[in-house]
Amino acid sequence: MNQRIVFLLLIVVSTMTGCDPQINVAGAYFPAWLLSGLIGLAAFWVLHLIFLRTMMVPFFVPIPLFYAALYIALTSGTWLLFFASR
């Protein structure tokens, strides 16, 4: 890529950081991705317990990769479901 295009893209990306939806909790504003991460983590632990009860864990060959992908999918899905329409 041309250095000028890269520079312009960096400027655009750096100015978009303020476009994050925010949630008011007891008078303090928190970014929406923080709440999405916590909801994703809770859903992850529920699914982990279900996987342990049904003995499906041995079928997930690269366990760290599977769990990381599951957490990212749950967090991204939560953000899309609740905050993408704003």
Item to check | Which numbered condition residue 55 fails, given (1) modelled with pLDDT of 75 or more; (2) on the phi < 0 side of the Ramachandran plot | outcome: (2)
Item to check | Residue count, segment 35-86 (criterion: farther than 27 Å from residue 21 by Cα, among the aliphatic types (A, V, I, L, M) and part of a helix (DSSP H, G or I)) | outcome: 7
Checklist outcome for this item: Inside segment 4-34, the number of residues satisfying the requirement of being modelled with pLDDT of 75 or more and in a helix (DSSP H, G or I) is 11
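The values are calculated or read from the model by the stated rules, or taken from the named source; none is laboratory data. Quick caveat: nothing in here was measured; it's all calculated off a predicted structure.
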